[in-house]
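**Student:** Just passing along the structure, written as structure tokens.
The values are calculated or read from the model by the stated rules, or taken from the named source; none is laboratory data. Because the structure is predicted, anything quoted here is derived from the model rather than measured. Cβ placement follows ideal geometry from the backbone for every residue including glycine, while neighbour counts extend to all protein chains displayed. In case anyone asks, the SASA skips ligands and DNA or RNA and just uses the protein heavy atoms, side chains included. Shrake-Rupley method; radii C 1.70, N 1.55, O 1.52, S 1.80 Å.
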Amino acid sequence: MTGPTPRRADARRNRERVLAAAREAFAREGLLVPLDEIARRAQVGAGTVYRHFPTKEALFREVVADRLEQIIAEGRSLAGADDPGEAFYGFFARVVEQASFNHAVCDALQMEAGIEGFREGGVERRFDAALAVLLRRAQEAGSVRAGVDFDDVRTLMAGCLAMERNRRVPGRMVALACDALRPSVTKPAVRNETCEICDGPLAPAATGRPARYCGPACRQKAHRRRRKTT
């Protein structure tokens with residue numbers, strides 16, 4: 001009755017060793033790392049790895065799903081943030097930053113159809129739901145352009161992931177993407193309200209630069225003053 005327990009304990013320990021080795025290997029090298037190399041790093045035989053994970057993709061999904069669950073939890077925790085815009089942009093930046101240094105997460109988020117390899121456990125749905133809530137709240141707060149939809153954000157995120165890994169200035173692509181998501185603000189032209197010479201009222205300029213002088217006389221005075229100082 002008690003005989004199988006040590007073997008089950010050994011199996012659990014071996015499984016954890018494989019997962020620990022896989023986390024490090026996938027984070028550094030992504031999907032390119034061979035399964036035999038993971039077995040070597042875990043100090044177990046290749047057969048042990050295959051007993052727990054029949055394919056490299058199965059092992060990859062389990063490793064990345066665990067990391068994505070942590071990201072999802074963070075996104076959910078921001079759903080009630082006092083500043084929805086800061087919560088959305090901060091989460092966007094952190095996802096890209098974390099994935100940029102973790103090839104496994106980056107590979108998952110950059111898959112051609114999103115993270116569909118994680119649909120079975122609902123990881124894709126939960127990630128998308130957490131991000132969608134942050135986007136909706138940020139738009140309601142006026143921090144994200146109204147015309148932006150969820151697919152736009154996911155596409156920008158995937159693009160940032162691809163580009164940040166090859167940039168010498170970390171965060172540059174994220175900053176540009178976030179600027180593109182913000183509502184455009186037209187700043188009013190700055191102009192003088194009174195003449196620089198006599199402080200008299202200025203007539204609005206129909207074209208070109210804002211007026212600086214109320215008329216030809218003050219313009220000439222300004223010209224003479226400049227000549228005296230040169």
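**Student:** Would you mind computing, in nm to one decimal, how far apart the modelled labels at Thr55 and Phe150 are, each placed 7 Å from Cα along Cα→Cβ?
**Tutor:** In this crude spin-label approximation the distance works out to 2.7 nm.
**Student:** Excluding ligands and nucleic acids, what accessible area in Å² is computed for Arg12 using a 1.4 Å probe, to the nearest 10?
**Tutor:** Arg12 has an accessible surface of roughly 140 Å² with all protein chains in place.
**Student:** Order 68-80, 127-139, 211-223 from most to least packed using the mean count of other Cβ atoms within 10 Å.
**Tutor:** Highest to lowest by the protection proxy: 127-139, 68-80, 211-223.
**Student:** How far, in nm, would the chain grow between Cys198 and Lys228 when pulled straight, counting 0.36 nm per residue and subtracting the alpha carbon separation?
**Tutor:** Length gained between Cys198 and Lys228: 8.9 nm.
**Student:** If r is the Cβ-Cβ distance from Ala20 to Arg94 and R0 is 22 Å, what FRET efficiency results, to the nearest 0.05?
**Tutor:** 0.40
**Student:** If you don't mind, there's one more thing I want to ask. Give the calculated FRET efficiency between Arg136 and Ala11 to the nearest 0.05, with a Förster radius of 45 Å applied to their Cβ-Cβ distance.
**Tutor:** Details: r = 45 Å, r/R0 = 1.00.
FRET efficiency, Arg136 to Ala11: 0.50.
**Student:** Let me ask another. How much length would be gained if the chain were fully extended between Gln43 and Ser184, taking 0.36 nm per residue of separation minus their Cα-Cα distance, in nm to one decimal?
**Tutor:** Working: separation 141, 0.36 × 141 = 50.76 nm, distance 5.57 nm.
Between Gln43 and Ser184, full extension yields an extra 45.2 nm.
**Student:** For Gln139, what is the net charge nearby, where nearby means another residue's Cβ is under 10 Å from its Cβ and Lys, Arg count +1, Asp, Glu -1?
**Tutor:** Every neighbour counted, the sum reads +1.
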